[in-house]
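Read through the structure below, which is laid out as structure tokens, and then see the notes.
The values are calculated or read from the model by the stated rules, or taken from the named source; none is laboratory data. Not measured: the values here are computed from a predicted model. Here Cβ is always computed from backbone atoms with ideal geometry, including for glycine, and neighbour counts include all displayed protein chains.
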Amino acid sequence: MAFAEEYKLFLDQCKTEREAADRAAAMARDAGFCNMDLFPPSGGTLKPGERLYTLRQNKVAALFVLGRKPLTEGMRIICAHLDSPRLDLRPDPLYEAGDLALMKTHYYGGVKKYQWAALPLALHGVIVKKGGQRVTISIGEEETDPVVYISDLPKHLSAQQSRQTMAEGIGGEDLNILVGSIPLEGEEREPARRYILKLLYQKYGVTEKDLTSAELEIVPAGRARDGGLDRSMVVAYGQDDRVCAYTALQAILRTQVPEHTSLLLLVDKEEVGSQGATGMKSRLMENLTAQLLELAGTYSSQALRQTLERSYFISADVALAYDPSHPEVFEKKNAARLGRGPVLVKYAGHLGKKDCNDASAEFLALLREVLDTAGVC
């Protein structure tokens, strides 16, 4: 229960991938990790137990603890993602219709669109002005903050909507954020829109053109809460996959001098196929490993390949527990159960394991032995 209290605070502080990466770096510094980007490019002075961290693009965090064995003997790696399904503001989001000020969004990841209507929403992210000045935005989390929301039809006007499927009832182009209704005094053309622009300028010093170089995300407002009358669960936004990020962070922060070098890699873009410079389809892990070998004074192309090939890698993500309200979507005998410890998923994929990963029996046996030795259910 005490562990979960700290976890809930982490969820409250980390509603975007940027916030989560920044918080992970701060936790690393507090635990005595040093910024590996500040080391001489070829020091050759790394020793077992050395604790290093780095940030990439302000959306990825990596933490290393150097082991007793050479890097070319392989690392022990856990990778989790920091991004979660959400709504992103479009580059030119603000408009006025029906005397109301609204913002256009684009959904990110596998959202169920109907779930986002009539829900208190918060605005998080950054606006980067010309010259590189970065303005951090967080509106909707404090008790005195306003929230924004997506309007929905009342019951007596939704007969046609009710006949549609859940996927059709609210479409992607219907996810428009209602942000204001007060007209700017003296303005005849789009007064509500202009009033919102005035507020943004007064509070943050940003103009409408600055929004084109912004990353602003719409997420559910509010704090993590205990779930169930017995407080046995956590109800919060973003647990996919900040639950794995947080638990893995707690593990590596307590790692002293391992046999093999430990690496925690917290990445972005998993919800949209792991694309881009901050996703796992990039050369991110190869580049980080090459940098570490360089700092150790042992870099070569062959050493890089050996280090990666001999490493053990856990892709940490959420698994679905058996839900008796929806038994038809589970293979009951092979489903995970809530509260019975971490889940090992040997393979995923669809249509005969298409696009799957498939862990080897040898690796699963190793993981079983590690967990059994530690007394982990």
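Per-residue answers, yes or no, for (1) in the same structural domain as Arg56 (by TED's automatic domain parsing); (2) surrounded by 14 or more Cβ atoms within 10 Å (Cβ to Cβ); (3) touching a residue at least 60 places away in the same chain (Cβ under 8 Å):
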residue: Ala277; (1), (2), (3): yes, yes, yes
residue: Arg283; (1), (2), (3): yes, no, no
residue: Leu293; (1), (2), (3): yes, yes, yes
residue: Pro324; (1), (2), (3): no, no, no
residue: Glu328; (1), (2), (3): no, no, no
residue: Ala335; (1), (2), (3): no, yes, no
residue: Tyr347; (1), (2), (3): no, no, no
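Out of curiosity, is Glu168 without any contact (Cβ under 8 Å) to a residue 24 or more places away in the chain and in contact with a helix residue (DSSP H, G or I) (Cβ under 7 Å, 6 or more places away or on another chain)? It is false that Glu168 is without any contact (Cβ under 8 Å) to a residue 24 or more places away in the chain and in contact with a helix residue (DSSP H, G or I) (Cβ under 7 Å, 6 or more places away or on another chain).
For (1) modelled with pLDDT of 95 or more; (2) more than 20 Å from Arg254 (Cα to Cα); (3) surrounded by 22 or more Cβ atoms within 10 Å (Cβ to Cβ), each residue gets a yes or a no:
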{"site": "Ala61", "(1), (2), (3)": "yes, no, yes"}
{"site": "Met75", "(1), (2), (3)": "yes, no, yes"}
{"site": "Asp99", "(1), (2), (3)": "yes, yes, no"}
{"site": "Leu102", "(1), (2), (3)": "yes, yes, yes"}
{"site": "Leu123", "(1), (2), (3)": "yes, yes, yes"}
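So, Asp226, is that one outside any loop (DSSP other than H, G, I, E, B) and at pLDDT below 95 or not? Answer is no for this residue. Within the range 295-333, being of a type in the set (Phe, Trp, Tyr) and more than 21 Å from Val243 (Cβ to Cβ) holds for Tyr299, Tyr312.
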